[in-house]
Amino acid sequence: MADTDQIIDMPDFMERVEDDMELAGDLAELFLSDTFPKLDELKNHISQNNPVGVRSVSHSIKGAAANLSALQVCKFSHSLEDMGTSGELTGAQQTLDRLVSAMGDLKAVLSEKFNL
């Protein structure tokens, strides 16, 4: 697992929620439950060579991850969004693999921090 500071900017996230641990935990739980199914959607869009679908789902993940200050998830979802926008999905599966790994790391950090 990557260093926690590379996974999430926790001070920034906590500032966004005004240091409300309960709210932060609720948002983290909602993010995880909403985002993991989207990874399957991305996999399907990539396998179907559907750049519009890749762009749309990646954009959604990127926005939600930005709200949590989830740095790696933002990075990889942004890369997939750019691929979808350009219509060129070469390397998309590898980037999705990195996104899935980053989501696993993020889940571990959030689960520990907020007892999820």
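Quick rundown of the values:
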| read-out | value |
| --- | --- |
| Residue within segment 38-54 that is more than 17 Å from residue 96 (Cα to Cα) and in contact with a Leu (Cβ under 8 Å, 6 or more places away or on another chain) present | no |
| Exclusive hit being farther than 28 Å from residue 116 by Cα, assigned to a helix (DSSP H, G or I), touching a helix residue (DSSP H, G or I) at 6+ places or on another chain (Cβ under 8 Å) and not aliphatic (A, V, I, L, M), set 79, 58 | 79 |
| Scope segment 44-55; condition surrounded by fewer than 17 Cβ atoms within 10 Å (Cβ to Cβ) and either part of a helix (DSSP H, G or I) or within 14 Å of the chain's Cα centre (by Cα) (or both); matching residues | 44, 47, 52, 53 |
| Considering residues of segment 61-74 that are touching a residue at least 24 places away in the same chain (Cβ under 8 Å) and in a helix (DSSP H, G or I) only, the residue farthest from residue 104 (Cα to Cα) | 67 |
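Any read-out appearing in this document is the output of simple, stated calculations on the displayed coordinates, not a laboratory observation. In this text, all values refer to a predicted model and were calculated from it rather than measured experimentally. Cβ sites come from the backbone with ideal geometry, for glycine too, and all protein chains shown count toward neighbours.
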